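Only one structure is covered here, and it is reproduced in the block below.
Laboratory data are not the source of any read-out in this text; all were calculated from the coordinates shown. As the structure is a computational prediction, the values presented were derived from the model and not from experiment. FYI the Cβ positions are ideal-geometry reconstructions off the backbone, even for glycines, and counts take in every protein chain you see.
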Amino acid sequence: MEARAGILAKFVEELQRIGQSEAFESEVETIAAAVEVVGGYIRAAARWPDYNSFHEALGVLREEYREFEEEVFKKKQSRKLLRAEAVDIAVVCLRVMTELTTREQVAAEEAKD
């Protein structure tokens, strides 16, 4: 849990740094999307435990991708649903990235002992 808090703290620091740059104005939508993904990540982490394996994560990612794909192939697409599925895909990817970092840290700590 500490590793996750550290990662989120780095994210907030990066947002603050970006907010002070001239590029910020042109990237407001990108930053808003990133904040939406991080919010989804926090909700997912609170609701579900870490993946048991990266095979499980891949299964979840495939499910989210298929839901996105299904919406893409509809005659009348819903931008709201497309965005929601895109966020879900990004949340899964962020969880995998975070778990990789966490597991690497745990492995490094175990190797020291």
- [ ] Return a yes/no flag: does the stretch 62-80 have any residue that is within 21 Å of Arg43 (Cβ to Cβ) and of a type in the set (A, V, I, L, M).
- [x] no
Open item on the list: Of everything in the stretch 76-110, what is acidic (Asp, Glu) and under 18 Å from Pro49 (Cβ atoms)? Give them in sequence order.
Closed with: Asp88, Glu99
TODO: Just need a number here: residues in the stretch 41-99 that are more than 25 Å from Glu29 (Cβ to Cβ), in contact (Cβ under 8 Å) with a residue 24 or more places away in the chain and part of a helix (DSSP H, G or I).
DONE: 4
